[in-house]
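Notes follow once the structure below has been shown.
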Amino acid sequence: MAVRTFSRGLKLDTRKRATEGKPVEPAPFPRQVVIPVNQHFGAPNKVIVAAGDRVTRGQRIAEGAAPGPMTVPVHASISGTVKKIEPRLQANQTDGLCVIIEAGEGEDPSSAVFMPPLDPLSGAREEALQRIRDAGIVGMGGAGFPTHVKLAPPPDKAIDVILANGAECEPYLTIDEAVITEKPRTLITGLAAVMKITGVKRAIIGLEDNKAELVPVLEEEIRRNEYTKNLDVTVGLCRTLYPQGGEKMLIKALLNREVPSGGLPMDAGCIVQNVGTLVAVAEAFTLGKPLIDRDLTVSGGACRTPKNIRVPIGTLITDLPPEFMALDNDRLRKIIFGGPMMGNAAVTAAIPIQKNTSGVIFMTREETLADSEGPCVHCGRCIRTCSCRLSPVIMNIALESGDLNQAVRAGLMDCVECGSCTYVCPARIKLVQRFRVGKQRLRAAKAMSQMQTRAEKKQEQAPPPPEKVTGSSNPGRA
Ligand code: SF4
Ligand code: SF4
C-alpha cells in the first residue's frame with residue numbers, strides 16, 4: 001500500500017509506547033461530575049434544570065439559548081441530583097458555567113435512559129441529522145464543531161468524499177488507535193451513516209503508517225459490514241509526520257487537494273470526521289446514546305498508571321481512585337489537556353473532561369521544553385517548518401507591534417495552531433500561543449464592530465423623537 005503525505009511537517013518523538021496497544025478501561029463511575037454547559041463551537045446554551053432537580057444519565061440538561069443550528073444539547077452523564085450550577089475552570093483555562101451532579105448514597109450513577117434506537121440507513125436525511133444533534137455530537141478531535149452542521153454543507157459545495165481521520169499525530173495520544181482496534185464495526189457503521197446523510201459514495205479512513213496493523217482489521221470489517229456493501233470505502237496510509245491529523249494535511253495527503261486560504265474542507269470537496277466522532281454517531285443511532293462518555297489517553301512521565309480510559313463527561317481526573325489512576329506529584333511539572341502540541345496547559349488536573357478532551361498528559365521536567373524565551377535569531381526554521389506555508393516570524397512581529405491587520409495579511413487566520421513553529425524555534429518563542437491570542441483578539445474586534453453596526457442600524461430605523469415643546473421660559477430660545 002502506498003504511503004502518502006504532505007510537504008514539510010515534523011518528525012516527532014511520538015512517546016506513545018506507554019499506552020500503545022492498551023485497551024480502553026472504563027473508569028469506576030464517579031459520584032460527582034462537573035458538566036460544562038457549552039462544549040461546542042457556536043452559539044451559547046442555556047441550562048434547563050435547576051439545583052435540587054433529580055436527573056438521569058442521558059437526560060438533556062442544557063440546550064440552545066436561542067433558535068439556530070449552531071448549538072448542540074448537553075446531557076447528564078451520571079444519574080443523581082443537581083447540586084449547583086456555577087462557573088468552574090475548564091480545559092481552555094477560562095471559567096464557564098457548569099452543572100454539578102452528585103449521586104446520593106445507595107444511588108446507581110450509571111442507570112440511564114437513552115433515546116429509542118433508529119436505523120441509520122432507512123430514515124430520512126432530516127431525521128438522521130436531528131438524531132445527531134439531539135445526541136449532542138460535536139467533533140471529538142478538535143474545536144467541538146457541531147457534527148450535524150458539518151454534515152449539511154451549503155448546496156453549492158459539492159462533496160464527493162468523506163475522510164475518517166484516524167491519523168492521531170499528537171505525541172502520547174493513542175485513544176483513536178484503541179477505539180479503532182476495539183470498535184471497527186461501530187466505526188464503519190458511523191461512517192456509513194454519515195455517507196447516507198451526505199449522499200457521498202466514497203470514503204477513505206486515514207491512518208499514519210505507525211498504525212499499519214489496523215489496515216487489515218478495517219478492511220475485513222468494510223468487507224463484512226452490511227452498510228458499506230454498495231459504497232467505495234478504503235483505508236489510506238499516511239507517513240507518520242506531524243501534523244498529519246490536521247484536516248488540511250490529511251486532505252493533501254489522501255486526495256492531493258488543497259483547502260484554499262480562508263476556506264474549509266468542504267471547499268476541497270470533502271468532509272473530515274474524527275474516528276471517535278463516527279463511533280459516537282453510530283451509537284446515537286444503534287443505542288440511542290447521547291454523547292455522555294469520553295474515551296481518552298492519560299499519560300506522561302508523571303502519570304504512574306498511563307492508560308486509555310473511558311469516563312462520563314464531566315469527570316475530574318483527580319476524583320478517580322488512586323488504584324485506577326495515580327500521579328507522581330513530586331515529578332509533575334506540567335499538565336496538558338489534549339496533546340502536547342495543540343492542547344492547553346492547565347494549572348490543575350481538577351478540570352472536567354469534555355466532549356473534545358482526547359487526552360490529559362502529566363509531564364515531568366525532562367519532558368517539557370525549557371520555558372524561558374529569548375530574542376528571535378532570524379533562523380527561518382519556523383517558516384521552513386510550517387506546513388501551511390505561513391511566515392510565523394512575520395505574524396509574530398505584527399502581533400507584537402499590535403498590528404492585527406498585518407498579522408492577518410501574513411496568514412494568521414490560515415494558521416491551524418499545530419504548534420510546529422513553537423516546537424522548532426531555538427529562541428523558545430511561544431509563537432502558537434501568540435497566534436491563538438491574536439485570533440481571539442480579532443474575533444472580539446469583529447464581534448464588537450458587528451454590535452456597533454447593529455446598534456447604528458437600530459438607531460437609524462428608530463422613529464424620530466417627538467419634537468420638544470419649548471416655552472418662553474427657555475432662555476436660549478427666542
Ligand atoms: S504558523 Fe500556525 S500552522 Fe504554521 S507552524 Fe505555526 S502553528 Fe502551525
Ligand atoms: S524559528 Fe524562532 S528564532 Fe527562528 S526565525 Fe522563527 S521566530 Fe525567529
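Since every read-out is calculated from the coordinates, none of them should be taken as a lab result. Nothing here was measured: the structure is a model prediction, and the numbers come from that model. Heads up, the Cβs are rebuilt from the backbone with ideal geometry, glycines too, and the neighbour counts pull from every protein chain shown.
Values computed for the structure shown
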read-out	value
Rg to Rh, two decimals, where segment 267-371 supplies the alpha carbon set and Rh follows Kirkwood	1.04
Percentage relative contact order, segment 100-155, counting C-alpha pairs under 8 Å, at least six apart	20 percent
Segment 17-66-segment 292-321 distance, computed between alpha-carbon centres (Å)	15 Å
Rg to Rh quotient for segment 370-452, alpha carbon positions, Kirkwood Rh	1.00
Burial ordering of 317, 35, 429, 188, fewest other beta-carbon atoms within 10 Å first	429, 317, 188, 35
Convex hull volume per residue for segment 103-236, taking Cα atoms only, in Å³	159 Å³
Amide H contacts under 5 Å for residue 48, placed H, 5+ residues apart	62, 63
Overall Cα dimensions of the chain, principal axis frame, Å, largest first	95, 61, 54
Relative contact order (percent, whole number), segment 370-452, Cα cutoff 8 Å, 6+ residue spacing	33 percent
Value at 222 nm in deg cm²/dmol, rounded to 500, when DSSP H runs of n ≥ 4 in the chain each add -39,500 (n - 2.57)	-8000 deg cm²/dmol
Phi-based couplings in Hz for segment 387-392 (Karplus 6.51, -1.76, 1.60; Gly and Pro marked x)	6, 8, 6, 9, 10, x
Label-point separation, residue 404 to residue 230 (7 Å along Cα→Cβ), nm	5.1 nm
Centroid-to-centroid separation of segment 400-464 and segment 161-215 [C-alpha atoms, Å]	33 Å
Nonlocal amide H pairs with residue 57, under 5 Å, H built at 1.01 Å	79, 80, 113
Charge dipole magnitude, Cβ of K and R +1, D and E -1 - the chain, Cα centre, debye nearest 20	1180 debye
Distance (nanometres) between label positions extended 7 Å along Cα→Cβ at residue 447 and residue 328	4.2 nm
Size of electric dipole in segment 370-452: Cβ of Lys, Arg +1 and of Asp, Glu -1, about Cα centre, debye, nearest 20	180 debye
Percent RCO, i.e. relative contact order, over the chain, from Cα pairs under 8 Å lying at least 6 residues apart	18 percent
³J(HN,Hα), Karplus 6.51/-1.76/1.60, whole Hz, each residue of segment 380-385, x for Gly, Pro	x, 4, 4, 5, 5, 8
Estimated vicinal HN-Hα couplings, Hz - segment 47-61 in sequence order (Karplus 6.51, -1.76, 1.60; Gly, Pro = x)	6, 10, 10, 10, 3, x, 5, 8, 10, 10, 3, x, 7, 5, 10
Sequence-distant residues sharing a close amide H with residue 138 (under 5 Å, placed H)	147
Range of Cα positions in segment 183-261 per principal axis (Å), largest first	36, 29, 16
Debye intensity ratio in log₁₀ form over the Cα atoms of segment 96-138, taken at each q of 0.16, 0.19, 0.26 Å⁻¹	-0.67, -0.78, -0.97
